[in-house]
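First the structure, in the form of structure tokens, and then the observations on it.
The values are calculated or read from the model by the stated rules, or taken from the named source; none is laboratory data. Quick caveat, the model's predicted, so the values are computed rather than measured. Here the Cβ positions follow ideal geometry from the backbone for every residue, glycine too, while neighbour counts run over all protein chains shown. All accessible areas refer to the heavy atoms of the entire protein, side chains included, with ligands and DNA or RNA removed. Shrake-Rupley method; radii C 1.70, N 1.55, O 1.52, S 1.80 Å.
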Amino acid sequence: MTTAVLLDAKSFVGKGRAMADGELVTAAHIEGMLKAQGLAKRGILPGDMVWIYTGWSENWKARATGVDRGGTRGAGGVDAAAQDRASAGAACAHRAGMRRGSSEQGRGRASARDAADGGQWRARYIEQRLGLLDAPRSGAPRTIDDARVDALIAKTLDSVPAGATRWSTRSMARDMGLTQTAVSRIWRAFGLQPHRQDTFKLSSDPMFVDKVRDIVWLYLDPPLKAMVLCVDEKSQIQALDRTQPLLPLAPGIPERRTHDYARHGTTTLFAALDIATGEVIGEMHRRHRSSEFLQFLHTIEANVPAQLDVHLVMCIGRDMI
């Protein structure tokens, strides 16, 4: 994205007067203007469009009307104005070429549209002092006022349609007398997504907060010469296999498999996660009984160094131990 930087040479270099023909803006002037406008730390970055307001157009307007700085029309003012306009056009073309050259070095390319837009911004700044803000655009007035938008949002949040569980853009449009596109645009603007649902769980355990603090601090600050493991289980894992071998990946063809499968019973996964290192101790068993879980605890004992104590955090039913 291109950023425009506007420097006021008329105020900094000319001390409030328009700069005269042949008066130059040096690199030292640019550094001083950047510092005076609070842009010293940022500077001029590659790709920036730099506009320098010199006030030279005021001199050109005065000469184009044949009026000197004292307000009187000089002799031969019309011819002098024509000559000044011609020289001004050549000077502007020269400066535009210099701007295009510097812009090509920073951005890689420049277009005639960029130059035209830049001239429009500069003229607007000189005449209206609007800065780099956009002017009001033409277009049709709003047909949906704030009251209708507020009513649509309230209906979305506080009600459901008859015979359905949630609103759709089309049902809401029919009910509110709007178009489906307008409803969709308003919902997007306010982040409303009636088609989505999420889940939550609130614990009824009065000691829940204390238990959470104990477990979190055990993870964050484990005892010396101890290992903290998070133990959990996943039962009834289906062992499935495809009825035919897979067809391998090929250029332009993805890996393919049959849509049907053969069941090979279920299995149970026991796992222990070392929070500090991310290492997982896992074991698969065909059945899910206390004897299999006890066997997994022996596996943990065999994989933990003998000099370390073991702290297990396990979830049994609704309780953490």
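From the protein chains alone at 1.4 Å, what is the descending order of accessible area for 234, 10, 15, largest first?
Values: 234 120, 10 30, 15 165 Å².
The most accessible residue leads, giving 15, 234, 10.
With r defined as the distance between the Cβ atoms of residue 175 and residue 197 and R0 fixed at 22 Å, what FRET efficiency is calculated, to the nearest 0.05? Walk me through the numbers on the way to the answer.
Working: r = 21 Å, r/R0 = 0.97.
Working from the Cβ atoms, E equals 0.55.
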Once the in-chain neighbours fewer than 8 apart are removed, the lysines whose Cα is under 23 Å from residue 15 read 35, 61
Output ³J(HN,Hα) for segment 222-233: one whole-Hz value per residue in order, computed from phi by the Karplus curve 6.51 cos²θ - 1.76 cosθ + 1.60 with θ = phi - 60°, and x for Gly and Pro. x, x, 5, 6, 9, 10, 9, 10, 9, 10, 8, 9
Given the protein chains as shown and a 1.4 Å probe, how many square angstrom of residue 285 are accessible, to the nearest 10? 20 Å²
Counting only heavy atoms of the protein chains, get the accessible area per residue of segment 127-228 (1.4 Å probe) and round it to a whole Å² value. 82 Å²
Can you send over the solvent-accessible area of residue 267, 1.4 Å probe, protein chains only, in Å² to the nearest 10? 30 Å²
Sort out for me the Cα centre separation of segment 261-298 from segment 18-32, rounded to whole Å. 78 Å
Using a 1.4 angstrom probe with every protein chain in place, what is the largest-first accessible-area order of 42, 185? 185, 42
Per-residue ³J(HN,Hα) for segment 238-255, Karplus 6.51 cos²θ - 1.76 cosθ + 1.60, θ = phi - 60°, Hz, x for Gly and Pro: 6, 8, 10, 9, 6, 6, 9, x, 5, 8, x, 5, 9, x, x, 10, x, 5
Modelling each spin label as a point 7 Å along the Cα-to-Cβ direction, I'd like the residue 259/residue 123 distance in nm, to one decimal. 6.6 nm
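Ordering 212, 313, 160 by accessible area with a probe of 1.4 Å, largest first, what comes out? Before the final figure, lay out each step's value.
Numbers: 212 60, 313 5, 160 95 Å².
The most accessible residue leads, giving 160, 212, 313.
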Could you state how much accessible area residue 218 has, in square angstrom rounded to the nearest 10, with a 1.4 Å probe and all protein chains kept in place? 40 Å²
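List the relative contact order of segment 193-258 as a percent without decimals, with contacts defined as Cα pairs under 8 Å and 6+ residues apart.
The value is 15 percent.
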Cross-link partners among lysines for residue 201, C-alpha distance below 17 Å, same-chain residues fewer than 8 apart left out? 211
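Which of the three applies to segment 177-321, rounded, prolate or oblate, going by the alpha-carbon gyration tensor with a ≥ b ≥ c and a/c under 1.5 meaning rounded? Present the calculation step by step, with values, prior to reporting the outcome.
On the way: a/c = 2.35, a/b = 1.25, b/c = 1.88.
In terms of gyration-tensor shape, oblate.
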